[in-house]
Every structure is written in structure tokens, then in C-alpha cells.
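Structure, as C-alpha cells:
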Amino acid sequence: MKRIIHTTLFVLFAAAVAGLMGFIYLEQGRQPVRDVVIHISRPSYDGFLDTTMIRQAVILSDSLQNVKIKDLPLRKIEQSVFNNPYTEEVDVFVNIDNELVVNVKEKTPVLRVFNKNNTGFYIDNKGKIIPLSKHYSPRVLIANGYFNVHYQKGHPDVFDSVYRKTPLPDLYRLTQLIGKNNFLNAQISQVYVNSRGEFDLVPELGNHLIRLGTMDRAGQKLKKLELFYKKALINEGWDKYEIINLKYKNQVVCEKK
């Protein structure tokens with residue numbers, strides 16, 4: 001008998017809570033939006049996006065004036081913010097204070113590609129192509145040389161078929177390898193595609209050129225470079241050599257100045 005009473009009370013309590021939550025939900029739905037709260041997630045303080053830019057995207061998707069919360073086109077607002085080329089992820093919802101919350105994750109550039117006419121674009125850490133910005137220029141690895149690749153509308157990924165015969169896929173892979181090595185990530189500032197379509201690396205410290213060659217065994221080559229820097233150049237000086245050649249298997253061939 002006690003079990004039946006306890007069960008009945010629990011069911012009534014659950015029904016009362018559900019009814020109260022439903023009432024609160026319906027009541028909130030009749031209220032207008034009080035404010036727009038924007039959060040931008042990115043590795044650094046500065047970036048491509050700012051709150052004004054995102055707020056404009058929200059307003060363009062819906063005026064928000066006298067719009068009840070239940071009538072908010074949240075999917076449409078999300079899509080409007082997501083259409084910004086610097087947005088990686090976006091989440092839009094209404095909190096208990098009747099504020100429209102817009103959480104945005106910004107794309108993280110890792111490589112800036114320069115074309116022959118000094119135009120270009122960025123490639124982010126997911127291999128996506130993003131345009132240059134008039135407001136922000138991040139400090140990232142630079143790629144230039146004997147190539148002239150332009151962004152093809154509708155093909156934002158470096159592995160899309162339209163870029164298959166360009167250096168972009170290998171440039172992205174090389175950038176990923178360098179980025180995973182803290183020492184080389186701080187030391188290598190530029191990737192140059194030479195007339196043979198091979199890669200030369202330009203260091204931050206030292207007046208020398210690093211000949212990487214093709215992407216064949218690229219990970220091993222970069223490991224050899226790191227060991228060479230730590231064992232040889234630190235003792236012999238950064239400017240002793242003109243060329244550090246990594247193209248040969250199991251050895252580093254250097255040309256003195």
C-alpha cells in the first residue's frame with residue numbers, strides 16, 4: 001500500500017513539475033528578446049570577427065524588434081552567422097534571461113598563401129580556404145614561389161579536386177607537420193615553392209636556406225633538421241652554412257658560405 005502511495009505521489013509531483021516547466025516555457029515564448037549576447041571563441045584576443053560584425057548578421061536575418069521568443073527563426077540566424085567565411089561553428093539559443101545568445105567559434109589560420117600578384121588567402125587548421133581580411137593579419141607561416149593558385153568559388157577545401165594539381169594539398173600537409181613540432185614551428189617562417197615544384201624552407205634565425213625537396217619522407221626530414229639544429233648549429237653558429245639539404249636519405253648535406 002505504501003509503495004502505491006509513494007508511486008502515486010511521485011507521478012503527481014512529476015506531472016506538476018512538467019506542467020510548471022511547460023507554463024514557464026510558454027510564458028517565456030510570449031516575451032520579446034531583451035538583448036543579444038555574443039561570445040567569440042579563438043586562440044588569441046584579436047581575430048577576424050568582432051561583435052559588431054556578428055550582431056549585423058543577426059539583425060540582417062531578423063529585425064528582432066517586437067519579435068516574440070517563440071517566433072525567433074533560430075536556424076535562420078545561425079545560418080546567417082555561419083555564412084561569414086571566418087566562422088567555423090555557431091550555436092544560437094535563448095537563455096533564461098530572455099537574451100539571444102550567439103556562440104561563435106572562429107576559424108584558425110595556419111598558413112598565408114601569396115600568389116604572384118601578391119594577392120592570396122589563408123588556409124586554416126582544417127584545410128579550409130579563407131579570404132584575406134582588411135582588419136586583421138595573423139602571424140602565420142607564409143607560402144609563396146612558383147605557383148599562382150586562386151580560390152575557386154564553391155571549393156573551400158584544399159583537397160577539392162580543383163586544387164589536386166596545385167601545391168595546396170602538400171602545403172597544408174607540410175604546415176601541419178611543422179605546426180606539430182614546437183621547435184620548428186618557432187624557427188620556420190616561410191615555405192618557398194621553387195621552379196622544380198619542390199619545397200625550400202626559410203628560417204626565422206640564420207641566413208641560410210633549407211632544401212626539403214618533395215613531401216616524400218617529409219616527417220623524417222623535419223626530424224633530421226631539428227636534430228641538426230640542436231646538435232650542430234647551436235655549437236657552430238646559425239650563419240656557418242648557406243644551404244642545408246635534407247633531400248638525401250639518412251643524411252644532412254650542407255654547403256658552407
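A few remarks follow.
- For the residue pairs Lys107/Lys165; Lys116/Lys165; Lys231/Lys257; Lys223/Lys249, the C-alpha atoms sit more than 22 angstrom apart in Lys107/Lys165.
- For the stretch 90-200, radius of gyration divided by Kirkwood radius, i.e. Rg to Rh on alpha-carbons: 1.08
- Trypsin sites (Lys or Arg not before Pro) within the stretch 102-147: DSSP coil, no more than 15 neighbouring Cβ in 10 Å: Lys116, Lys126, Lys134, Arg139
- All aspartates and glutamates inside 20 Å of Lys256 as judged from Cα atoms, apart from same-chain residues fewer than 8 positions distant: Asp200, Glu204, Glu226, Glu236, Asp239, Glu242
- For Thr214, the residues whose amide H sits under 5 Å from its own are Phe199, ignoring neighbours fewer than 5 places away on the same chain, with H placed 1.01 Å from N.
- Other residues whose C-beta falls under 11 angstrom from the C-beta of Asn185 contribute a net charge of -1, scoring Lys and Arg +1 and Asp and Glu -1.
Laboratory data are not the source of any read-out in this text; all were calculated from the coordinates shown. These numbers were taken from a predicted model, which means no experiment stands behind them. Don't worry about glycine lacking a Cβ; one is built from the backbone with ideal geometry, like all the others, and counts go over all protein chains shown.
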